[in-house]
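Peer 1: There's a structure below that I have some questions on.
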There are 2 protein chains.
Amino acid sequence: MSLKHALLGVLTCKPMTGYEVKQFFDSTVQHFWNAELSQIYPTLKSLEESGWVTKEVQPQDGRPDRKVYAITDAGREEFARWVRAPQPPADLRDPFLIKVFFGTEVPVEDLLVILRRQKEEHQKVIAFSETVLREKIQHGIRERSPRHGLFWTLTLEMANAYRRAYIDWCDRSMRLLEEGFIDGDVMRATAERAFMESA
Amino acid sequence: MSLKHALLGVLTCKPMTGYEVKQFFDSTVQHFWNAELSQIYPTLKSLEESGWVTKEVQPQDGRPDRKVYAITDAGREEFARWVRAPQPPADLRDPFLIKVFFGTEVPVEDLLVILRRQKEEHQKVIAFSETVLREKIQHGIRERSPRHGLFWTLTLEMANAYRRAYIDWCDRSMRLLEEGFIDGDVMRATAERAFMESA
DNA sequence: CGCACCATGTAAGAAGTTACATGATTCA
DNA sequence: TGAATCATGTAACTTCTTACATGGTGCG
């Protein structure tokens, strides 16, 4: 479970409540990780039991007490250990590729439609990353932790690089399908070579 | 749950047992989808209850009876409906990016090590795709279903494009870290611009 | 007046992985 | 002799999502 270590990572920035951790997730690592409050609260509790974080209860009236979690030395060590540990590459798990894989089951016209839509969806995500998210991250860097600037930018770049690769692939796939539209045989025979050349 | 539809997709090729479906997964869609037998067997049963597949029991001696599942017309329709339905883009969920995001917690040297290792892992996967997997897929195309050739190749290309983007990103990140090694301030100030230019 | 924000959680369910259970055949 | 292949499944567990439960404050 990487969530435990993701939470430790967040708490290296500063002590936070579960609610604040969720906000941190939403405003910064959103593009490659996410977690719900219902998962965060119990996980913080288990981190406390492991001695990796401590809890300070700040009483409030009219709403639940704030429970501020802070990382311990042991927690910092555990996090650094985890960072250095081998990490198998994340594998893709993409239902859209299943649709393309069994593309023979629908007319080519329909495939072109879903490819175009999928491309647009990825474009929207990039547009969001480049405006709202980039601004949020830059704000976080300025306000909270200038040291993190490089790394936060790098991860944003990786997420965008993935989306750009996806968009390019949609374009090339659509082009190939349009070309092979009339003569299916030609399509098949030259598909692979054509893809390589268009890259 | 996309697994149900993935199974329907597989069964559009030909009737199969759960065991054979697993082999199909392992030899063709492995690079963007996977499933365990313990998940496949119950899912096939539920597909049968939905009327999307039928089961034919072939008795055997010395080993469990073969249960061959075939897709029905209703199943084909359901699959086509699913293919055409809107598909939100798969989001990244990559523990490695968490490590980079909180890169301030370990020395730069250690980050260079894990970036190099991660790059190598992705290179290995591509090498496997381009040899073993490509051969398996090509075999499947020749033996079973030439119609699928274009689509099977396309999905392989997408998976490889993702890995190549990842590798490029590792390279650029390592370069930036090496440059900013001595003077952290310079590193931070120019990181973003430098990344853009190196792309 | 209704919605968003703050702040905590529990419970139920879906999806996926790992371990357990059985047992004959074939190949090195 | 021991591993891989064929062939079925169940049970336990982890991870993640969605729904439920409470309730005050402030804004438009």
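The values are calculated or read from the model by the stated rules, or taken from the named source; none is laboratory data. Just so it is clear, the structure is predicted and the values come from calculations on it, not from any experiment. Note that each Cβ is placed from the backbone with ideal geometry, even for glycine, and that neighbours are counted across all protein chains shown.
Peer 1: Would a scan of region A:72-94 turn up a residue that is among the acidic types (Asp, Glu) and more than 30 Å from B:ARG163 (Cα to Cα)? Even if it seems obvious, please write down each step before you answer.
Peer 2: Our first condition is that a residue be among the acidic types (Asp, Glu); within region A:72-94, this holds for A:73, A:77-78, A:91, A:94.
Then keep just the ones that are more than 30 Å from B:ARG163 (Cα to Cα); that gives A:73, A:77.
The answer is yes, given that some residue of region A:72-94 is among the acidic types (Asp, Glu) and more than 30 Å from B:ARG163 (Cα to Cα).
Peer 1: Let me ask you something else. Hey, does region A:10-28 have a residue that's near DNA strand C (Cβ under 9 Å from one of its atoms) and touching a Gly at 6+ places or on another chain (Cβ under 8 Å)?
Peer 2: No, the conditions are met nowhere in region A:10-28.
Peer 1: Go through region B:69-88 and report how many residues are surrounded by 13 or more Cβ atoms within 10 Å (Cβ to Cβ), within 16 Å of A:LEU112 (Cα to Cα) and not β-branched (Val, Ile, Thr).
Peer 2: Qualifying residue count, region B:69-88: 4.
Peer 1: What are the residues in region B:29-48 that are within 14 Å of DNA strand C (Cβ to nearest atom) and in a helix (DSSP H, G or I), if any?
Peer 2: If the condition is that a residue be within 14 Å of DNA strand C (Cβ to nearest atom) and in a helix (DSSP H, G or I), then B:VAL29, B:LEU37, B:SER38, B:GLN39, B:ILE40, B:TYR41, B:PRO42, B:THR43, B:LEU44, B:LYS45, B:SER46, B:LEU47 are the ones that fit.
Table: residues versus (1) over 16 Å from the mean Cα position of the chain (by Cα); (2) farther than 29 Å from B:CYS170 by Cβ.
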residue	(1), (2)
B:TRP82	yes, yes
B:PRO88	yes, no
B:GLU109	yes, no
B:LEU115	yes, no
B:GLU121	no, no
B:GLU130	no, no
B:ILE141	yes, yes
B:ARG147	yes, yes
B:LEU156	no, no
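Peer 1: Can you tell which of B:VAL10, B:VAL21 is more than 10 Å from chain A (Cβ to nearest Cβ) and surrounded by 15 or more Cβ atoms within 10 Å (Cβ to Cβ)?
Peer 2: Being more than 10 Å from chain A (Cβ to nearest Cβ) and surrounded by 15 or more Cβ atoms within 10 Å (Cβ to Cβ) holds for just one of B:VAL10, B:VAL21, which is B:VAL21.
Peer 1: Taking the criterion of being of a type in the set (Val, Ile, Thr) and within 7 Å of chain B (Cβ to nearest Cβ), would at least one residue in region A:130-139 satisfy it?
Peer 2: No, region A:130-139 has no match at all.
Peer 1: Please state which of the following conditions A:GLY51 fails to meet, knowing it meets all the rest: (1) within 16 Å of DNA strand C (Cβ to nearest atom); (2) modelled with pLDDT of 95 or more; (3) not in a helix (DSSP H, G or I).
Peer 2: Tallying (1) within 16 Å of DNA strand C (Cβ to nearest atom); (2) modelled with pLDDT of 95 or more; (3) not in a helix (DSSP H, G or I), A:GLY51 fails exactly one: (1).
Peer 1: Return the residues of region B:56-77 that are touching a strand residue (DSSP E or B) at 6+ places or on another chain (Cβ under 6 Å), more than 7 Å from DNA strand D (Cβ to nearest atom) and over 14 Å from B:LEU7 (Cα atoms); say none if nothing qualifies.
Peer 2: Matches in region B:56-77: B:GLU56, B:VAL57, B:GLN58.
Peer 1: Read through the list (1) away from DNA strand D (no atom under 16 Å from the Cβ); (2) away from chain A (no Cβ under 14 Å); (3) surrounded by 13 or more Cβ atoms within 10 Å (Cβ to Cβ); (4) not aliphatic (A, V, I, L, M), then give the number of the only condition that B:SER46 fails.
Peer 2: With respect to (1) away from DNA strand D (no atom under 16 Å from the Cβ); (2) away from chain A (no Cβ under 14 Å); (3) surrounded by 13 or more Cβ atoms within 10 Å (Cβ to Cβ); (4) not aliphatic (A, V, I, L, M), B:SER46 is out only on (1).
Peer 1: Pull up region B:149-177, narrow it to residues that are more than 15 Å from B:HIS31 (Cβ to Cβ) and touching a residue at least 40 places away in the same chain (Cβ under 8 Å), then point me to the one that is surrounded by the most Cβ atoms within 10 Å (Cβ to Cβ).
Peer 2: This residue is B:SER173.
Peer 1: Those residues that are at pLDDT 55 or above and at the interface with another protein chain (Cβ under 9 Å from one of its Cβ atoms), I need them from region B:171-198; list them, please.
Peer 2: B:ARG172, B:SER173, B:LEU176, B:LEU177, B:GLY180, B:ALA191, B:GLU192, B:PHE195, B:MET196
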